[in-house]
Amino acid sequence: MTTRRMACILCPSGCELDVRTSGEPTADSVVVEGNLCPRGEEYALEELLNPRRTLTTTVLVRGGVGTQTSVKTAAPVPRESLAAVRAALLGTTIDAPVAIGDRVAEDVAGTGVDVVATRAIPRRSDPVDVRLRNR
Ligand code: SF4
């Protein structure tokens, strides 16, 4: 029997979870304690069986008032795919204008997940919103 301690990050309560497994973990063999709600058990199972993360990074922008924009995966990707996702985005350059939510990459690194912009970048010749200039 192996016990692993982890913190549930799904809400501000941050429950400390004791996760017990014996042998190869399966949904039926894992025992979770310390969770105040059922989501904690789901979180612990996913962390053990299929850990996923949302990746945030930047990509280059051509012809914009800024040279790069921040982006994130539209959904969490398998943790073992993070390096491949980062590598795929390393050489990515997109054209301005960029709006928040614009799709920057589709099915990035074969994960089935898209990458979207999280910062607007107007075209260099477009009138600039003063609020954007001060960021
Ligand atoms: S187990 Fe439930 S209450 Fe506790 S941190 Fe996770 S989501 Fe919040």
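The values are calculated or read from the model by the stated rules, or taken from the named source; none is laboratory data. As the structure is a computational prediction, the values presented were derived from the model and not from experiment. Every residue, glycine as well, gets a Cβ built from its backbone with ideal geometry; the counts of neighbours run over all protein chains shown.
Side notes on the structure shown:
- Scanning the range 41-56 for residues that are surrounded by 16 or more Cβ atoms within 10 Å (Cβ to Cβ) and within 19 Å of the chain's Cα centre (by Cα), we see that the one that is modelled with the highest pLDDT is L55.
- Note on the range 62-96: residues that are part of a strand (DSSP E or B) and under 11 Å from A117 (Cα atoms) total 7.
- The single condition among (1) surrounded by 17 or more Cβ atoms within 10 Å (Cβ to Cβ); (2) touching a Pro at 6+ places or on another chain (Cβ under 9 Å); (3) assigned by TED's automatic domain parsing to the domain that holds G112 that V77 does not meet is (2).
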